[in-house]
Amino acid sequence: MNNLVITGYGDDLTINGVRIGDLSPKEHEKIEKEKGGQNYKPLEDVVVSHVQDSSTLICRKPSNENIEKYVEEELIDGLCCYSAVNQGQLNEEIVNAVIHHLKNEKLPTVPRSIRHKYMAAFLMAATEITSMDKVVPKVAGVESWELTFKLCRRWGYKIKKIPKNKCIIVGAKGNFHGRSVSAVSMSDDPDAREDFGPFLPGIELVPYNDIEALENLFDKKGEFIAAFSVEPIQGEAGVIVPDDDYWPQVSALCKKHNILLAMDEVQTGFGRTGANFAHQLFGVKPDLMGCGKAAGGGILPVSFVAGRKDVIGTLTPGSEGSTIGGYPLASVVGTYAIKVLVDADLATNARIRGAQLMSHYEELMSEFPDKIKDVRGKGLLTAFEMFDEKRLDGHTVSVELLKRGVYAKETHHSTVRIAPALTIESHNIDNIAEHIRDVIKSL
Ligand SMILES: Cc1ncc(COP(=O)(O)O)c(C=O)c1O
């Protein structure tokens, strides 16, 4: 017999007598360490409680008087869940759509084996915003990349006529596409790969932003290569922006060799970089594109693959599926996530606020030339990189920013990414920059 008793909501949510609102940050940490996997290393001594506005969180920190208790403080969200919340936390239009849908329209969940009336809306909105022929809904970001990977292989065999099991997908060094076995098969990050082999065959990596390396590989093995599968700007690698002429050259090379250009816009899509999709900044169009994160408006996990009809057209019943991908509620949220992207012109705001943040970065670089090595980004996908010295530690910067009420996270030892909600207001950009300045000064 199981004696589990669960009652209450919010702080009163109580599991077998343990009320969530009574737990101190240390107690949260203890429970997570005991009962969860250690696959993340969250910032210490802080627990997010709820959202105050579109880019401010309320978090709990240990009380100075009593370590068993906590105090609540505001935290400017400089990361917005790794770009899952481009539309701003609790975006009113998306929340209203969800409430209306559940209370009035009453269709949360049916499987894909029977049609529901919201799929058509999502497909029309998603093909229109991406200017693609077809769209297939999925759930997590990595699933959209997985599906592009499968589609590239299938197109390679069925259309390009690559000999059976000889297909190669080319990726870029420093890539990040998620955590599935195929994504880590493409990764060159030792932490992501350790003891997860054997890995998927048929993958080759080239240095990012190196057209000659790609050309050499295409010249040597082009007949077996189905696709170059790649991020338009590398996010997890530390916001690496390629040269302006890289993508036009890549696109031309892919066309020359009849190789698909498959872009992973899970992090760069939905206005983040100052265009609806980052590839638009470079004047190219991929044949396939994966989207996730902000495709769910920060409310639900929603992802999708958009692409050419001859590529997505290679799917057949039984070759691909998802119980929850594109279910009615996700279709509504996905449609509204796109509606907000368009109506609020998030890309323009990303451009304006991104330029504001970048000019603060430039000032930082001239004020601290011995500490700041590089500043970079597009729109509101930004990062500053410090020199590779012990005292200039990205984690210390994150911890110090937290003390000053800003949430940001290092991507590597010396790089800190700032990517707030695209709804962020001017004064919060100035606040973030001011706190960064304080922290850098103190190092
Ligand atoms: C470019 C890119 N692709 C895929 C993913 C994986 O998304 P998810 O964690 O939702 O599976 C991420 C996550 O950071 C990403 O940045």
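Remarks
- Gain on full extension, evaluated as 0.36 nm per residue between H413 and L200 minus their Cα-Cα distance, stands at 73.8 nm.
- Loop-resident GluC sites (Glu not before Pro) (DSSP state other than H, G, I, E or B) in the stretch 203-281 with no more than 14 further Cβ atoms inside 10 Å of their Cβ are absent.
- The stretch 6-77 shape via C-alpha gyration tensor axes, a/c threshold 1.5: rounded
- Estimated [θ] at 222 nm from DSSP helical runs (n ≥ 4, -39500 (n - 2.57)) normalised by residues in the chain, nearest 500: -11000 deg cm²/dmol
- Dipole of the stretch 35-170 [Lys/Arg +1, Asp/Glu -1 at C-beta], most positive-end residue of G36, T130, C152: C152
- Kirkwood Rh and Cα Rg combined as Rg/Rh, the stretch 92-343: 0.97
- From the alpha carbon centroid of the stretch 261-334 to that of the stretch 87-121 is 18 Å.
- Lysine pairs meeting the criterion (Cα under 21 Å, 8 or more apart or interchain), as found in the stretch 322-443: 13
- Toward the positive end of the charge dipole of the chain, with +1 on the Cβ of Lys and Arg and -1 on the Cβ of Asp and Glu, the farthest Cα among H116, N428, S49 is that of H116.
- For S359, S414, S180, order by how many other beta-carbon atoms lie within 10 Å, fewest first: S359, S180, S414
- Kirkwood-based shape ratio for the stretch 308-443, expressed as Rg/Rh from alpha carbons: 1.14
- Relative to the Cα centre, the charge distribution of the chain, modelled as +1 at Lys and Arg Cβ and -1 at Asp and Glu Cβ, gives a dipole magnitude of about 2140 debye.
- Rounded to the nearest 20 debye, the dipole magnitude of the stretch 172-242 is 160 debye, with +1 charges on Lys and Arg beta carbons, -1 on Asp and Glu beta carbons, and the Cα centre as origin.
- Rounded D (µm²/s) - the chain, Kirkwood Rh over Cα pairs, Stokes-Einstein at 37 °C, 0.692 mPa s: 142 µm²/s
- Percentage relative contact order, the chain, counting C-alpha pairs under 8 Å, at least six apart: 20 percent
- If R0 is 41 Å, the Cβ-Cβ spacing of N96 and D370 corresponds to a FRET efficiency of close to 0.20.
- Extending 7 Å from Cα along the Cβ direction at K33 and again at D438 yields two label points whose distance is 2.9 nm.
- Stretch gain in nm, segment Q280-D243, where the contour uses 0.36 nm per residue and the Cα spacing is subtracted: 11.9 nm
- Farthest towards the positive end of the charge dipole of the stretch 266-374, among the residues V333, L315, A295, is the Cα of L315, using unit charges on the Cβ of Lys, Arg, Asp and Glu.
- Highest-first packing order for the peptide set 149-158, 388-397 is 149-158, 388-397, based on the mean count of other beta carbon atoms within 10 Å.
- Overall, the anisotropy analysis places the stretch 186-290 in the oblate class: the square-rooted eigenvalues a ≥ b ≥ c of its C-alpha gyration tensor yield a/c not less than 1.5, with a/b not exceeding b/c.
Values in this text are rule-based calculations from the coordinates and carry no lab data. Note that the structure is a prediction, hence the values are computed from the model and not measured. No Cβ is skipped: glycine too gets one built from the backbone with ideal geometry, and neighbour counts run over all protein chains shown.
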